[in-house]
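Step one of this worksheet: look at the structure below.
The values are calculated or read from the model by the stated rules, or taken from the named source; none is laboratory data. Keep in mind that this is a model prediction, so the values were computed, not measured. Don't worry about glycine lacking a Cβ; one is built from the backbone with ideal geometry, like all the others, and counts go over all protein chains shown. These accessible areas exclude ligands, DNA and RNA; they are computed on the full protein's heavy atoms, side chains included. Shrake-Rupley method; radii C 1.70, N 1.55, O 1.52, S 1.80 Å.
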Amino acid sequence: MEKITLCGDNCLECPRYLAKTDEEKSRVAELWHRIGWREKIVSPDEISCTGCSSHKECVYNLTECVKEKGVEKCNQCLQFPCEKIKAMLERSAEHEKKCKEVCTAAEYAILEKAFFRKEENLKK
């Protein structure tokens with residue numbers, strides 16, 4: 001089973017989505033800070049995630065775009081892959097480089113499953 005976001009992330013592999021206890025959330029917050037996804041280590045409540053949905057703001061503006069285009073997923077759009085998707089994939093590749101530099105092999109393996117299979121996941 002998968003829960004793929006508009007940008008191709010897999011929630012069911014994401015340590016942030018899977019973290020339930022404050023201790024787990026604190027470890028994720030430290031990792032997000034070390035990677036550079038947060039400017040500081042945030043509280044367990046702030047790092048908590050229930051997955052992306054249409055009511056959340058998307059950093060890639062994909063939520064707004066699919067609404068505008070009248071599709072449920074980006075790959076249903078006639079313009080797929082558009083410039084937003086291409087820019088998002090480039091940004092993800094930069095994040096992947098950073099993760100390889102600062103993460104342990106185990107951390108990277110988890111993040112790779114969750115975040116760095118976007119292009120493959122977007123085609124599903």
### Query
Among the residues of the range 1-32, which ones are open to solvent by less than 40 Å² (accessible area, probe 1.4 Å) and not in a loop (DSSP other than H, G, I, E, B)?
Asn10, Cys11, Pro15, Lys25, Val28, Ala29, Leu31, Trp32
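Listed here are the residues, each with its yes/no results for (1) aliphatic (A, V, I, L, M); (2) under 23 Å from Leu18 (Cβ atoms); (3) out of contact with any His (no Cβ under 9 Å at 6 or more places or on another chain); (4) not in a helix (DSSP H, G or I).
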site	(1), (2), (3), (4)
Cys52	no, yes, yes, yes
Val59	yes, yes, yes, yes
Cys65	no, no, yes, no
Glu68	no, no, yes, no
Val71	yes, no, yes, yes
Pro81	no, no, yes, yes
Ile85	yes, no, yes, no
Met88	yes, yes, yes, no
Ser92	no, yes, yes, no
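With the requirement that a residue be more than 13 Å from Gly8 (Cβ to Cβ), assigned to a helix (DSSP H, G or I) and free of Cβ contacts under 8 Å to residues at least 40 places away in the same chain, what does the range 94-107 give you?
Selection gives Glu94, Lys97, Lys100, Glu101, Ala105, Ala106.
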### Task
Please tell me if Glu83 is under 25 Å from Gly36 (Cα atoms), charged (D, E, K, R) and modelled with pLDDT of 90 or more.
yes
#### Entry: Residues located in the range 67-88, provided they are surrounded by 16 or more Cβ atoms within 10 Å (Cβ to Cβ) and touching a Pro at 6+ places or on another chain (Cβ under 9 Å)
Cys74
### Task
Look through Glu64, Glu46, Glu96 and report the one residue that is open to solvent by 50 Å² or more (accessible area, probe 1.4 Å) and modelled with pLDDT of 90 or more.
Glu46
### Task
Given the conditions (1) among the polar types (S, T, N, Q); (2) within 16 Å of Leu122 (Cα to Cα); (3) open to solvent by less than 90 Å² (accessible area, probe 1.4 Å), report the number of the one that Thr104 does not fulfil.
(2)
